[in-house]
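The next block holds one structure in the form of structure tokens; read it before the comments.
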Amino acid sequence: MTPREIIAQAWAITTKTAAVRRWSFVSSLFETMLNVKLLIYQVYFAFKYIDGSGGAGFFDIEIMIYQSMPFWLFLSIVSFFVTLIVVELFIPHFCTGAIIGLAAKSYRGEPVKGGLVLGLYNFFPIFAIHEFLGLAGLSIVITVFSLILRYVSGDIKYWCIGVLAFLFLLSNVLKFLFSFANEGVVLQKLNIFHAIGRSFKLIMSHLSHIMFLLLLLFVISIRILLNVATVILVPAIVVGIAVLLTHVFSQALAYSIAAIVGIALIIIASYFFAYVHAFKHCVWTITYLELTKHKDLDVIL
């Protein structure tokens, strides 16, 4: 198949296969919620730094919540958010296995079912592969950058920032080379290192094909820009609403209203992200299936 045909087929699967979109929505929802929470903390730390009113403590937000509401409510909220963070760290990897497997079934004309089994069976290898690319995410890098600024002093701070920038670039290069690793795990049941090696080999063997596909897949870049904009705007809107409402209502009520508005915005954004997220996985899944039909370039006989 040509790259144009792959793009067309992937979009057809995305729009026609509800199961793929449902898993993509769940993945996008939890991923966006985690990114927004990480950035809300960084917005607060940046405000304290720019305002010059003193250093920001690591648990300042939790202390403010503790001081503004009953202890039982504070404990419930903190317990809920800790549990939610744990879920947000794992659910997207769980969903990835389901999305890839269901997309492949749809492409082959098989019944599109078994997403839960696909997610469970492939979770640990996909999670392990993602751990190699931990610093490829913008929100994680911003969080680490914030920690360096606040807790590292002296000239070593700039060395740490330089190392962080290098690791960010390296992680994104590896992310490109690992593009087919998840597909190898889900579709061919390869182990982690075999899947990574297989992905690297496919990328290097069909680099011109992949690069042309990436040019056609410009929507991925649009998704990244939308993701960055959402991750930046949602915390700004939530913080702005919270600050304004504190002049009218109590802190607890103001923060509650701001949280509800923020959750609504995240759900709406995740609905649109689900299409692009599913489309991206469908493209790589179909490409992997097509490329594996060809003989490896290093095989002579």
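Kindly indicate whether L265 is modelled with pLDDT of 70 or more, surrounded by 14 or more Cβ atoms within 10 Å (Cβ to Cβ) and over 19 Å from the mean Cα position of the chain (by Cα). Here the answer is no, as L265 does not meet what is asked. Once the range 101-125 is narrowed to residues that are touching a Phe, Trp or Tyr at 6+ places or on another chain (Cβ under 8 Å) and aliphatic (A, V, I, L, M), the residue that is farthest from R22 (Cα to Cα) is L120. Scanning the range 179-195 for residues that are under 30 Å from L147 (Cβ atoms) and modelled with pLDDT of 90 or more gives A181, N182, I192. Go through the residues of the range 97-105 one by one and say whether even a single one is part of a loop (DSSP other than H, G, I, E, B), more than 15 Å from the chain's Cα centre (by Cα), aliphatic (A, V, I, L, M) and at pLDDT 85 or above. No. Is at least one residue of the range 196-219 closer than 27 Å to V141 by Cα, surrounded by 15 or more Cβ atoms within 10 Å (Cβ to Cβ) and modelled with pLDDT under 70? Looking through the range 196-219, at least one residue is closer than 27 Å to V141 by Cα, surrounded by 15 or more Cβ atoms within 10 Å (Cβ to Cβ) and modelled with pLDDT under 70. Among all residues of the range 84-99, there is at least one that is without any contact (Cβ under 8 Å) to a residue 40 or more places away in the chain and either open to solvent by 60 Å² or more (accessible area, probe 1.4 Å) or touching a strand residue (DSSP E or B) at 6+ places or on another chain (Cβ under 9 Å) (or both). Considering only residues of the range 134-150 that are open to solvent by 50 Å² or more (accessible area, probe 1.4 Å) and either without any contact (Cβ under 8 Å) to a residue 24 or more places away in the chain or of a type in the set (F, W, Y) (or both), which is farthest from A195 (Cα to Cα)? Taking the candidates together, the pick is L147. For the range 109-133, a tally of residues being in a helix (DSSP H, G or I) and touching a residue at least 40 places away in the same chain (Cβ under 8 Å) returns 8. Scanning the range 20-41 for residues that are under 27 Å from G115 (Cα atoms) and among the hydroxyl-bearing types (S, T, Y) gives S24, S27, S28, T32. As a summary of the residue check, L147 satisfies the conditions (1) at pLDDT below 85; (2) hydrophobic (A, V, I, L, M, F, W, C); (3) not in a helix (DSSP H, G or I) except for the one numbered (3).
Residue count for the range 1-31 satisfying the condition of being closer than 17 Å to L213 by Cα and in contact with a Leu (Cβ under 6 Å, 6 or more places away or on another chain): 2.
When we screen S68, S79, S153, S171 for residues that are surrounded by 12 or more Cβ atoms within 10 Å (Cβ to Cβ) and either modelled with pLDDT under 85 or over 21 Å from the mean Cα position of the chain (by Cα) (or both), the only hit is S68.
The values are calculated or read from the model by the stated rules, or taken from the named source; none is laboratory data. On a predicted model such as this, the values are computed, not experimentally measured, just so you know. Note that each Cβ is placed from the backbone with ideal geometry, even for glycine, and that neighbours are counted across all protein chains shown. Protein only, heavy atoms only, side chains kept; ligands, DNA and RNA dropped before computing areas. Shrake-Rupley method; radii C 1.70, N 1.55, O 1.52, S 1.80 Å.
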